[in-house]
Structure formats: structure tokens, C-alpha cells
Amino acid sequence: MNVYLRTFARVILIGHGLILLSLIVGCAYLESPYTYHEFDGLFVYYRTQDISTYRELLPKVFDMPDEPLVMAFVMDYYKMNKTTEPYKEAAVFLLAKYQQRMGWHCVTMPVTSDEARIGGIKYLGYPKIMGDVRLQREPSSYTGTLMLNNKTVMTIQFDPKKDNDVSKSEEEWFDKFRGLTSFNLLNGEIYEPEFGRRTNLLQTSRLYPDKLIVKTGTANLTQDSEAAGTSSARLAKVFSIRPTEIVLAYYLKNSFTQSFGTGKYTGR
């Protein structure tokens, strides 16, 4: 309960104890800002041969992973708590090693909400910037697009498999990615945000198909480093890391209510 509500409650207490009780009960059920009720999006994971650029973008505090991998996504957080504006988001992550543990380090995260941008930077350490993010849903395909300065920087074109026939290789990749944390830089330290549960998404979708939908398939990822360069030289490098092989791609729709928990600082 914020300061305004506390003061208001004390005034009512003088002659309206029953109203005060009602106010307190009502406030107890107010949702925290940035409670996510439902969202969907596209994910691609890929190998690359642009190792020198990969190492340049990865902060020196992190070691190179045994197998460099890139993750890119386009998300639509369209059903939030009442006080949070729905927004869309795109991101590029690099797999990193820190103190012998593997995790994802975000190198850019454009969003469509300035409130989400500021909060993500200040409290979570994500390198958020403003961007134009779009997610188009068709009966047999999905398209995620990121635009910066009115120029298309990244497009993910995804075609789900019929009957969602998951291959053995896809099963293995979902298992490999289970439990991986994020390594962010916040206040000069390594910060690991907490969001939802780090489970095998594919297995969870099979257990709770009414709450989590995962569709695997084929994806085509296109990036324009020259267009990204109109925003910054660093972004030009981020979107110059080309995929040599997409190892996993999927569409996800989540209806589990989630929010950011208490993250932790794990080093400098």
C-alpha cells in the first residue's frame, strides 16, 4: 500500500472502521505492476561463425561458451495487470559462461513502451531501447518484425509443423536450454533476474496444454546490420552476427500468470 493509501486509510479510521476494513482487503488483492497474464511470441536459436564479433559484444567478465549460440525473439505481452500498459519486445542474447555456469547475456532489447524500457534498465539490467516491434499471426505462419528508425532490422518468419511433430533433436535442445539463467549487468555487478520457472518448456506444454502452447517448426531469420547502424555502431554489430544453422525455432503462447521475482547479484 503506498503513502497516499496509508494516509487515506487513517482518515477513514476515525469514524468508518468498516470502510477501512474493506479498503485494506481490497488493497491486499491488488496485483503488482508488470504481472503478465498472457503473451505469445517467436524464438530462434542459432549457431554462427562470426566468433570475433560475438566475443567483442560479450563483456569481458564472461567467458566464451563451449559452443557459441545466439537466441533472438519477438514477443507480444498483450494481457497485463490493469495498471501496466501492454507492450511488445524483441531481443538478441548471446550464450555466455560465468564462473563455470552457462547463461544468456542480452545485447539488445527493443520495446514499444517507454515505461517498460526505463524499468527494465533500472531494476533488471536489460539493455532496453525503444523500437517498433510487430507480431503477425496467420493460420499457418507467424512473422515477427523489429524496426528501428523506421527501418526493418530483423524479421523472423516461422512456419509451424503440422500436428506439432517434434523431432528428437528438438527434444534435446529444449532439454539443454532448461534452467539457463540470464546474466545481466546492473549497478556494476552481475545480476540474475527471476521470471517464472526455469523448466523444460516442451514438457510443461504437454502437461498443461491449456496454459502453455509450444509449436516447433522451421524459421527464416533475416537481419540488416546497415539499417541497424542508423541507430548505433554497436547495434550494427549485434545484427551482423549471421546464423549458420538454426538449431531450434518455436512459437510460444503462455497463459500462466507470471511476474518478476527477487533476482540475485552473483558477482562483479
Restricting to region 119-142, count the residues that are over 17 Å from the mean Cα position of the chain (by Cα) and crowded, with 16+ Cβ neighbours inside 10 Å. 1
Check Ser205, Ser225, Ser182 and return the single one that is surrounded by 19 or more Cβ atoms within 10 Å (Cβ to Cβ), under 28 Å from Pro59 (Cα atoms) and in the same structural domain as His105 (by TED's automatic domain parsing). Ser182
With the condition kept exactly as written, say whether any residue in region 238-258 is part of a helix (DSSP H, G or I), of a type outside the set (Val, Ile, Thr) and over 19 Å from Arg178 (Cα atoms). no
Qualifying residues in region 176-231 (those that are under 19 Å from Phe93 (Cβ atoms), among the small types (Gly, Ala, Ser) and in a loop (DSSP other than H, G, I, E, B)) - the one farthest from the chain's Cα centre (by Cα): Ser231
Would you check if there is a residue in region 149-161 being more than 21 Å from Gly41 (Cβ to Cβ), crowded, with 18+ Cβ neighbours inside 10 Å and in contact with a strand residue (DSSP E or B) (Cβ under 7 Å, 6 or more places away or on another chain)? no
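Residue-by-condition table, conditions (1) in contact (Cβ under 8 Å) with a residue 60 or more places away in the chain; (2) buried (at least 17 other Cβ atoms within 10 Å of the Cβ); (3) assigned to a loop (DSSP other than H, G, I, E, B):
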| position | (1), (2), (3) |
| --- | --- |
| Arg55 | no, no, no |
| Glu67 | no, no, yes |
| Met71 | no, yes, no |
| Met75 | yes, yes, no |
| Tyr78 | no, no, no |
| Ala91 | no, yes, no |
| Trp104 | yes, yes, no |
| Met109 | no, yes, no |
Could you tell me whether any residue of region 135-156 is under 16 Å from Leu186 (Cα atoms) and touching a Phe, Trp or Tyr at 6+ places or on another chain (Cβ under 9 Å)? no
I need the full set of residues from region 135-151 which are charged (D, E, K, R) and not in a strand (DSSP E or B), in order please. none
Suppose the filter is within 18 Å of Ala72 (Cα to Cα) and at pLDDT 95 or above; does Lys168 pass it? no
Enumeration of residues in region 160-175 that are without any contact (Cβ under 8 Å) to a residue 60 or more places away in the chain and not in a loop (DSSP other than H, G, I, E, B): Lys162, Asp163, Asn164, Lys168, Glu171, Glu172, Asp175
With the requirement that a residue be more than 29 Å from Glu38 (Cα to Cα) and either touching a Lys or Arg at 6+ places or on another chain (Cβ under 9 Å) or surrounded by 15 or more Cβ atoms within 10 Å (Cβ to Cβ) (or both), what does region 243-268 give you? Pro243, Thr244, Glu245, Thr266
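The values are calculated or read from the model by the stated rules, or taken from the named source; none is laboratory data. On a predicted model such as this, the values are computed, not experimentally measured, just so you know. For neighbour counting, all protein chains shown are included, and Cβ atoms are generated from backbone atoms with ideal geometry for every residue, glycine included.
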